[in-house]
Amino acid sequence: ALLQALWGSTQAEFLDDLGRAAARHGGSPLGAASYLRATVRAGQRRHVTRRWRAVLAACVVERPLARQWSDWVGACRRDNAEGTQELIVRLAADGLWLSDLLGIYKLSARERQALQDALLARTEAATA
């Protein structure tokens, strides 16, 4: 129950970030561009990062929680009928997020923005 509550509150905040990204920049709240923006933002907020670390660690040992996360990601992709370019953006966003969570790459603000811009260009090209 505790892990489920942690997942629920952490995901709810992420869904709010998705909605704000879509409202600010257009597009679907669950689309790849909104996902990228919200994921990059989540990786830069310490209080959110701590909770996501706990969720990530819990998913390693609590497979039902990992399946719930996987099901949510699958539903986002299905509901948005996304192709290869959007999947590349989602996977790159997840890699950047994981790097932020674990402190793997030490990116400058300029590098982070350049990556985000390059990935957003992929989503725009896919919808053009």
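FYI, it's all coordinate maths here, none of it is from the lab. The model shown is predicted, which means the values in this text are computed figures rather than measured ones. Here the Cβ positions follow ideal geometry from the backbone for every residue, glycine too, while neighbour counts run over all protein chains shown.
With θ taken as phi - 60° and the Karplus curve 6.51 cos²θ - 1.76 cosθ + 1.60 applied, the whole-hertz 3J(HN,Hα) list for segment 115-124 is 4, 4, 4, 5, 6, 4, 4, 5, 6, 5 Hz, x standing for glycine and proline.
Rounded, prolate or oblate for segment 1-122? Axes are the square roots of the Cα gyration tensor eigenvalues, ordered a ≥ b ≥ c, and the cut-off for rounded is a/c under 1.5.
Values: a/c = 1.66, a/b = 1.23, b/c = 1.35.
The shape class here is oblate.
Note: relative contact order over the chain, using C-alpha pairs below 8 Å and six or more positions apart, is 30 percent.
Per-residue Karplus couplings for segment 91-107, computed as 6.51 cos²θ - 1.76 cosθ + 1.60 with θ equal to phi - 60°, are listed in order as 5, 5, 4, 5, x, 5, 4, 5, 4, 5, 4, 9, x, 6, 9, 9, 8 Hz, Gly and Pro entered as x.
Per-peptide packing, taken as the mean over residues of other Cβ atoms within 10 Å, places 49-58, 3-12 in the sequence 49-58, 3-12 from highest down. Backbone N atoms of segment 39-57 closer than 13 Å to the 7 Å Cα→Cβ label point of residue 6 belong to residues 49-57.
Here each label is just a point 7 Å from Cα along the line to Cβ, and for residue 47 and residue 24 those points are 1.7 nm apart. Taking other residues whose beta carbon is less than 14 angstrom from the beta carbon of residue 53, and scoring Lys, Arg as +1 and Asp, Glu as -1, yields +3. Determine the shape class of segment 32-104: with a ≥ b ≥ c the square roots of the Cα gyration tensor eigenvalues, call it rounded for a/c under 1.5, and otherwise prolate if a/b is greater than b/c, oblate otherwise. Judged from the Cα gyration tensor, segment 32-104 comes out oblate (a/c at least 1.5, b/c at or above a/b). Judged by the mean number of other Cβ atoms found within 10 Å, the most tightly packed of the peptides 17-23, 40-46 leads the ranking 17-23, 40-46.
From the square roots a ≥ b ≥ c of the eigenvalues of the alpha-carbon gyration tensor of segment 63-128, which class results: rounded (a/c under 1.5), prolate (a/b over b/c), or oblate? Oblate, since a/c reaches 1.5 and b/c is not below a/b.
Label positions at residue 56 and residue 104, each projected 7 Å from the Cα along the C-beta direction, are separated by 0.8 nm. Using θ = phi - 60° in the Karplus curve 6.51 cos²θ - 1.76 cosθ + 1.60, the 3J(HN,Hα) couplings for segment 77-87 round to 5, 5, 5, 10, 6, 8, x, 4, 4, 5, 5 Hz; x is entered for Gly and Pro.
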